[in-house]
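Colleague: Attaching a single structure in structure tokens format; questions to follow.
Bear in mind these aren't lab numbers, they're just calculated from the coordinates by the rules spelled out. Bear in mind that the values here come from a model prediction, so they are computed numbers and not experimental data. Note that each Cβ is placed from the backbone with ideal geometry, even for glycine, and that neighbours are counted across all protein chains shown.
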Amino acid sequence: MRILDLATKDLLQIFRDKKSFLFLAAMPIIFTLFMGFAYNSGEDGAEDDARISVAWVDEADNQFSELLFERLDENTALSLVDMEEASAMDALARGDMLGVLIIPSAFGEQAEGTSALGQITLVTDTLSTEGQSLYQLLRVPVSQLASAVEIGTLTADVIGDSAEFSPAFTLALEEWDEHQSRSLVRTEKAVAQEEESWFGDNPYNQASPGIVVQFAIIGLITSAQILVEERKNRTLQRLMSTAMRTWEIVAGHILAMFTLAFLQIALLVLFGQWVLDVNYLHAPLATLLISAALGIWVASMGLLIGVVAKSDDQVILFSMVAMFFFSALGGTWFPLDVSAGGFAAFGRLMPSYAAMNGLQNILIRGLGLASIWQPVAILMIYALGFFMLALWRFRKIGV
Amino acid sequence: MNAIEVKNLKKSFGDLQAVDSVNFAAAQGEILSLLGPNGAGKSTAISMLAGLLVPDGGSATLMGHSVTADPQAAKASLGVVPQDIALYPDLSARENLVFWGKMYGLRGAALNQRVDKVLEIIGLSERQKDRIGKFSGGMKRRVNIGAALLHKPDVVIMDEPTVGIDPQSRRHILDNVKALNKQGMTVLYTTHYMEEAAELSDHIAIMDQGKVIAFGTHAELIKLVGEQTRIDLTLNTESTVIFDAWRNTQGVSRIDAENGTVTLLVDDSNLVLPRLFEAAAQANVRITSVDIQEPNLESVFLHLTGRALRD
Ligand SMILES: Nc1ncnc2c1ncn2[C@@H]1O[C@H](COP(=O)(O)OP(=O)(O)OP(=O)(O)O)[C@@H](O)[C@H]1O
Ligand SMILES: [Mg+2]
């Protein structure tokens, strides 16, 4: 009970300090957004939108060009952007667009009489894969439209009534749709999605857990300071002169540190889940266990910092050093898989990597409870180590 | 049974013997003062009583409980007012007291009543909602004392509770100590103000350099210097001739010179002072100021150590 009272007092002190809010909530949320943005734009430009961008320069602007637009736009592998010719060519030169599609003003004009749709122009790098796929993607819808026009014209000719063009044309298009186009679309889509990023389908799958681990450590600035102040202003000595036993004092402080770390982790996890679409809750129990284990490890480290540091400045220094060390090695900034062998092998032994790995097993690899026992065990072993070290130092605190 | 009993207590820090075979005792309901200059070992002795330092040797009991063998029982009967203000500056006076009350095992309504009562004792009921950080030195000292009274301990140890505060707060604190003592609390009071020790104490232990150099009631201690009077003189010049002359003057038992002040212990100042002036005139030395002090603890300390209590 007195342990709870002591922990409650610590938390009261922390929440009364305005900079706690900054370290515990505001900064991590801002950094999550920022890092997610950075990872995303770090990838190849085409990757954020897997579709092939095509400038649509429509000089005809009639029923037929509109039909073609609709049919092309239906294709999920294509992204059509309505543009003027000049700016379209600029965009192509810059690489913003992979092709320019020019629909001539005469497009479809003579369609009803002459059985020809008129030629459209595709400007693209025909040697590139994108250029090739673009050509393939355009070929079928364009020829379907052309053949439907042909059928309409022929029918009107045979019957000798130009009013018959429309029904025959429409019927022909519908026939195409029923038989072919869907399967073609599906094939092309698969090609466009061939490459998956290391963070899965959402850059926040890296940014969110990375910041969770990183800021759980930074949060110690607030909670370890409580213990250092208690030593400095001699309230710790006063506590020891009450009937509180030493282990109760240690337990109270570590409980406060754990509670704070866990609340912060929970806040960031829920922010990730609800705002950034990071799917922590697809394995809620696994997420809870990893969060708790991370909180316990961080709290034990906080106790050590609180016992060793001589001033508030040292608390900040030690917390920052711990944060940089464990964040860099644990793969919270970039995945260890992309770094050099020795570094990665060492990093994989770190508790921060265990936390990261456990969370990403849930987020990126879609695994569940079975996948996190090992990371949880590693975190607990480190927690025990830091705790023993802190206890050993705690006994040496002079009066 | 004595409320406090200390026997042959020892503690050293490296080569420094901070507490050197110290003995003292206080019966229940007594005020015992530890009087001594800076570095005498008062706080070190108290830390051992409070269970914060492990003694190198000797024994100490509080209400019959050994502080080393049964620290929990000893601590339960003890309230400690540390020399430093050991409070949380970002919490209010009341929040501090409630917290310390809980640490002493108080709960619920009993806790709240006790906090109200203590706030009244220390005269801060009106300011209870204010943060300690905004308090004056004297007010902080009063809360510092209040936090040690919450669980109605049998023994209260106060380590220089009046250091560095205004006369008004000091008066308030001294009156509090006397009132608490009247209600039956045994008080161990450390100070380097001899006036406080004289006013409060049933017994006084004078400490210097780790040792208790005298122990007794105020009257008993004064007797140590006989009925001698202390005379402080300042001279217009440094002269060893006059010192020799005075040393041999009838009625002078001791002479010391420090920082331009000459201090003498004499039997009867009415008889001795004219002789001192006469000798000065012969040696061609002018006496520029005279201060006469009837025997007090200060002169006892001087008598025992050859040094002044305050530096
Ligand atoms: N933790 C410590 N480590 C080393 N030396 C210490 C320690 N605590 C006290 N001392 C030394 O022991 C001696 C006695 O100190 P102590 O604090 O007990 O004196 P005090 O009588 O309380 O003095 P003051 O009136 O200044 O509070 C001093 O010389 C002090 O420097
Ligand atoms: Mg002291």
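Colleague: Which residue, chosen from B:THR288, B:SER43, A:LEU268, occupies the Cα position most advanced towards the positive end of the dipole of the protein assembly as shown, where the dipole is computed from +1 (Lys, Arg) and -1 (Asp, Glu) charges on Cβ about the Cα centre?
Modeller: B:THR288
Colleague: Can you compute the helix-only [θ] at 222 nm over chain A? Use -39500 (n - 2.57) per DSSP H run of at least 4 residues, normalise by all residues, nearest 500 deg cm²/dmol.
Modeller: Estimated from H runs of four or more residues: -21500 deg cm²/dmol.
Colleague: Just tell me how shielded A:223-234 is by partners: mean number of partner chain Cβ atoms within 10 Å of each residue's Cβ, no decimals.
Modeller: Details: counts 0, 0, 0, 2, 0, 0, 3, 2, 0, 1, 6, 7.
If you average over the peptide's residues, the count of other-chain Cβ atoms is 2.
Colleague: Which of the aspartates and glutamates could a cross-linker span from B:LYS102 if the Cα-Cα distance has to be under 15 Å and same-chain partners fewer than 8 positions apart are dropped?
Modeller: Straight-line reach from B:LYS102, under 15 Å: A:ASP5, A:ASP10, A:GLU248, B:ASP116.
Colleague: Moving on. Report, as a whole number in µm² per second, the diffusion coefficient that Stokes-Einstein gives for segment A:239-365 at 4 °C and 1.567 mPa s using the Kirkwood radius over alpha carbon pairs.
Modeller: 80 µm²/s
Colleague: HN-Hα J couplings of segment B:153-169 from phi, Karplus 6.51/-1.76/1.60, θ = phi - 60°, integer Hz, Gly and Pro as x?
Modeller: Per residue, the Karplus-derived 3J(HN,Hα) values read x, 6, 10, 10, 10, 10, 9, 6, x, 10, 5, x, 10, 5, x, 5, 5 Hz.
Colleague: Taking θ as phi - 60°, what are the ³J(HN,Hα) couplings along segment A:219-230 by the Karplus curve (6.51, -1.76, 1.60), each to the nearest whole Hz, with x for Gly and Pro?
Modeller: Karplus-based 3J(HN,Hα) across segment A:219-230 equals x, 4, 3, 6, 7, 6, 4, 4, 5, 5, 4, 4 Hz.
Colleague: Shifting gears a bit: Using only the alpha-carbon atoms of chain B as identical scatterers, what base-10 log of I(q)/I(0) does the Debye formula give at q = 0.10, 0.15, 0.16 Å⁻¹?
Modeller: Relative scattering, expressed as log10 I(q)/I(0), comes to -0.64, -1.12, -1.22.
Colleague: Also: For chain A, set up a GNM with springs between Cα atoms under 10 Å and report which of A:SER291, A:SER133, A:SER223 has the largest fluctuation.
Modeller: It is A:SER133.
Colleague: Taking every residue in B:86-99, how many Cβ atoms of other protein chains lie within 10 Å of its Cβ, on average? Before the final figure, lay out the partial values.
Modeller: Working: counts 9, 4, 10, 4, 7, 4, 0, 0, 0, 4, 2, 0, 2, 7.
Other-chain Cβ atoms within 10 Å of each residue's Cβ, averaged: 4.
Colleague: Considering the dipole of segment B:110-222 built from charges on the beta carbon (Lys and Arg +1, Asp and Glu -1) around the Cα centre, which of B:ILE213, B:SER201, B:SER136 is farthest to its positive end?
Modeller: Farthest towards the positive end: B:SER136.
Colleague: Separate question: Sort all Cα-Cα distances of segment A:207-275 into consecutive 5 angstrom bins from zero, then give the percent of pairs in each bin up to the one containing the longest distance.
Modeller: With 5 Å bins starting at 0, P(r) equals 3, 15, 21, 19, 13, 10, 8, 6, 3, 1.
Colleague: A further question follows. Classify segment A:1-43 as rounded, prolate or oblate, taking a ≥ b ≥ c as the square roots of the eigenvalues of its Cα gyration tensor: rounded when a/c is under 1.5, otherwise prolate if a/b is larger than b/c and oblate if not. Spell out each step's value before the answer.
Modeller: Values: a/c = 8.83, a/b = 3.23, b/c = 2.74.
The shape class here is prolate.
Colleague: For A:295-303, what's the mean count of beta carbons from other chains sitting within 10 Å of each residue's beta carbon?
Modeller: The shielding value for this peptide is 0.
Colleague: May I pose another question? Would you mind classifying segment B:1-74 by shape? Square roots of the alpha carbon gyration tensor eigenvalues, ordered a ≥ b ≥ c; an a/c under 1.5 is rounded, otherwise it is prolate if a/b is larger than b/c and oblate if not.
Modeller: oblate
Colleague: Take the alpha carbon atoms of the protein assembly as shown, find their radius of gyration, then divide it by 2.2 N^0.38 Å using N residues; give the quotient. All intermediate terms of the calculation are to be shown ahead of the outcome.
Modeller: Working: Rg = 43.6 Å, N = 710, 2.2 N^0.38 = 26.7 Å.
For the protein assembly as shown, the normalised Cα radius of gyration comes out at 1.63.
Colleague: Sequence-distant or interchain residues sharing an amide H contact under 5 Å with B:VAL156, placed H: which?
Modeller: B:GLY79, B:THR186, B:VAL187, B:LEU188
Colleague: Rounded if a/c is under 1.5, else prolate if a/b beats b/c, else oblate: with a ≥ b ≥ c from the C-alpha gyration tensor eigenvalues square-rooted, which is segment A:57-106?
Modeller: Because a/c hits 1.5 or more and a/b fails to exceed b/c, segment A:57-106 counts as oblate.
Colleague: Determine the equivalent ellipsoid of segment B:249-288 by diagonalising the alpha-carbon gyration tensor, then write out the semi-axes as square roots of 5 times the eigenvalues, largest first, rounded to whole Å.
Modeller: 16, 15, 8
Colleague: With labels modelled as points extended 7 Å from the Cα through the Cβ direction, what inter-label distance (nm, one decimal) is found for B:ASN8 paired with B:ALA257?
Modeller: For the pair B:ASN8/B:ALA257, the computed spacing is 4.5 nm.
Colleague: Another one. Got a sec? How would B:TRP100, A:TRP333 order by Cβ neighbour count within 10 Å, fewest to most? Could you put the intermediate results ahead of the total?
Modeller: Working: B:TRP100 28, A:TRP333 18.
Going from sparsest to densest Cβ surroundings: A:TRP333, B:TRP100.
Colleague: Which residue, A:TRP297, A:TRP247, A:TRP274, has the most motion in a Gaussian network model of chain A that connects Cα atoms within less than 10 Å?
Modeller: With Cα springs under 10 Å in chain A, the top fluctuation among A:TRP297, A:TRP247, A:TRP274 is at A:TRP247.
Colleague: Ignoring solvent entirely, what values of log10 I(q)/I(0) come out of the Debye formula for segment B:142-276 at 0.23 Å⁻¹ when each Cα is a single scatterer?
Modeller: Relative scattering, expressed as log10 I(q)/I(0), comes to -1.34.
Colleague: Determine the distance separating the Cα centre of segment B:119-178 from the Cα centre of segment A:213-249; give it in Å without decimals.
Modeller: 25 Å
Colleague: Tell me, rounded to the nearest percent, the portion of alpha carbon pairs in chain A spaced more than 27 Å apart.
Modeller: 62 percent
Colleague: Sticking with this one: What is the dipole size for chain B, taken about its Cα centre, with +1 at each Lys and Arg Cβ and -1 at each Asp and Glu Cβ, in debye to the nearest 20?
Modeller: Dipole magnitude for chain B comes out near 1260 debye.
Colleague: Which pairs in the list A:LYS232/B:LYS11; A:LYS9/B:LYS134; B:LYS178/B:LYS223; B:LYS7/B:LYS117; B:LYS11/B:LYS134 are over 31 Å apart, alpha-carbon to alpha-carbon?
Modeller: On the way: A:LYS232/B:LYS11 23 Å; A:LYS9/B:LYS134 19 Å; B:LYS178/B:LYS223 25 Å; B:LYS7/B:LYS117 36 Å; B:LYS11/B:LYS134 37 Å.
Result: B:LYS7/B:LYS117; B:LYS11/B:LYS134 exceed 31 Å.
Colleague: Where is the GNM fluctuation largest for chain B (alpha-carbon springs, 10 angstrom cutoff): B:PHE301, B:PHE99, B:PHE24?
Modeller: B:PHE99
Colleague: From the phi angles alone, apply the Karplus equation (6.51, -1.76, 1.60; θ = phi - 60°) to segment B:102-119 and give each ³J(HN,Hα) in whole Hz, x where the residue is Gly or Pro.
Modeller: Once rounded to whole Hz, the list reads 4, 5, 8, x, 7, 9, x, 5, 4, 4, 4, 4, 5, 5, 4, 4, 5, 4.
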